[in-house]
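The values are calculated or read from the model by the stated rules, or taken from the named source; none is laboratory data. The model shown is predicted, which means the values in this text are computed figures rather than measured ones. Note that we place each Cβ from the backbone using ideal geometry, even for glycine, and neighbour counts take in every protein chain shown. SASA here: full protein model, heavy atoms, side chains in, ligands and nucleic acids out. Shrake-Rupley method; radii C 1.70, N 1.55, O 1.52, S 1.80 Å.
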Amino acid sequence: MKKLTELYSGKAKSVYATDDADRVIMEFRDDTSAFDGLKIVQLARKGKVNNKFNAFIMEKLSAAGVPTHFERLLSDNEVLVKKLQMIPVECVVRNIAAGSLCKRLGISEGQELNPPTLEFFLKNDALHDPMINEYHIRSFGWASDAEVAIMKDLTFRANNVLKTLFANAGILLVDYKLEFGRFNGTIILGDEFSPDGCRLWDATTRKKLDKDRFRQDLGDVIEGYEEVARRLGVEL
Ligand code: TMP
Ligand code: ASP
């Protein structure tokens, strides 16, 4: 698989064309961003850890019937994926209150959400990823009703798989963000699943092991990611 020109460079990953029009290479960089790119720092080993972590999770999701863009790892920092037409909507599921939900609704961090809740955000850094609803998605044509129904179903299906996976490693899956895209007329999971885009707490101590360590300057950011990877059995 030949790596050709760079198609896109995001805050933490770059995407390259290949000699196959339907496949692209994602490169996980060490750049770590928070607050919509306001805070960006390089953290050693992050690209590698997130690449391996993402591959592990994508394979679990795929085995559980959630279609994903993942094809195969190419190197420590690179993965081959299907080229999707991305939908600019972030799907967030929350099992426990944290982050923007607490600020928005005055809820204390740690409150269990039963049933889990789902929110949509528009992928737009300049606007700080505003929260949107299904009517916005429909009115602005970001996705059809049928596509939204599939995204919701797959996002909740992923919750069932991942909550158990993390629970077996003594970790609470607090919340996470998924992004979907179109491939040959079907909706499949794209982007990444890593501690950059979810919240993970130790089940006993509630110690944060995800990107909140970076957002909140708690230190040992990658050590937290590696701890989760080690407990899950991800080969780094
Ligand atoms: P929030 O509490 O900031 O709304 O985020 C909820 C979860 O979704 C959290 O695990 C972080 C993730 N997320 C991203 O990774 N990128 C984003 O742009 C947004 C809005 C959320
Ligand atoms: N993913 C966004 C960023 O990188 C928001 C965040 O994680 O705080 O800036």
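Taking the criterion of being surrounded by fewer than 18 Cβ atoms within 10 Å (Cβ to Cβ) and within 30 Å of His136 (Cβ to Cβ), would at least one residue in the stretch 74-84 satisfy it?
Among the residues of the stretch 74-84, not one is surrounded by fewer than 18 Cβ atoms within 10 Å (Cβ to Cβ) and within 30 Å of His136 (Cβ to Cβ), which makes the answer no.
Taking the stretch 158-172, which residues are open to solvent by 10 Å² or more (accessible area, probe 1.4 Å) and assigned to a strand (DSSP E or B)?
Within the stretch 158-172, Leu172 is the sole residue that qualifies.
Which of the residues spanning the stretch 172-210 are farther than 18 Å from Met58 by Cβ, touching a strand residue (DSSP E or B) at 6+ places or on another chain (Cβ under 7 Å) and not hydrophobic (A, V, I, L, M, F, W, C)?
The answer is Asp175, Arg199, Asp202, Lys207, Lys208.
Looking at the structure I just gave you, is Met151 in contact with a Phe, Trp or Tyr (Cβ under 7 Å, 6 or more places away or on another chain), closer than 30 Å to Gly185 by Cβ and within 16 Å of ligand 2 (Cβ to nearest atom)?
Spelling it out, it is not the case that Met151 is in contact with a Phe, Trp or Tyr (Cβ under 7 Å, 6 or more places away or on another chain), closer than 30 Å to Gly185 by Cβ and within 16 Å of ligand 2 (Cβ to nearest atom).
I'd like to check which strands (runs of 3 or more DSSP E) are fully inside the stretch 1-87 and have at least 3 residues that are under 25 Å from Gly185 (Cβ atoms).
In the stretch 1-87, the matching strands (runs of 3 or more DSSP E) lie at 13-18, 23-28, 70-73, 78-82.
Mind counting the residues in the stretch 167-199 that are within 13 Å of ligand 1 (Cβ to nearest atom) and either hydrophobic (A, V, I, L, M, F, W, C) or in contact (Cβ under 8 Å) with a residue 40 or more places away in the chain (or both)?
Number of matching residues: 16.
Does Phe121 satisfy being assigned to a strand (DSSP E or B), more than 20 Å from Pro67 (Cα to Cα) and either touching a His at 6+ places or on another chain (Cβ under 8 Å) or open to solvent by less than 30 Å² (accessible area, probe 1.4 Å) (or both)?
It is true that Phe121 is assigned to a strand (DSSP E or B), more than 20 Å from Pro67 (Cα to Cα) and either touching a His at 6+ places or on another chain (Cβ under 8 Å) or open to solvent by less than 30 Å² (accessible area, probe 1.4 Å) (or both).
Could you grab me the full set of residues in the stretch 180-225 that are farther than 21 Å from Ile96 by Cα and surrounded by fewer than 21 Cβ atoms within 10 Å (Cβ to Cβ)?
Once the filter is applied, which keeps residues that are farther than 21 Å from Ile96 by Cα and surrounded by fewer than 21 Cβ atoms within 10 Å (Cβ to Cβ), the stretch 180-225 yields Gly181, Arg182, Phe183, Asn184, Gly185, Thr186, Ile188, Asp217, Gly219, Asp220, Ile222, Glu223.
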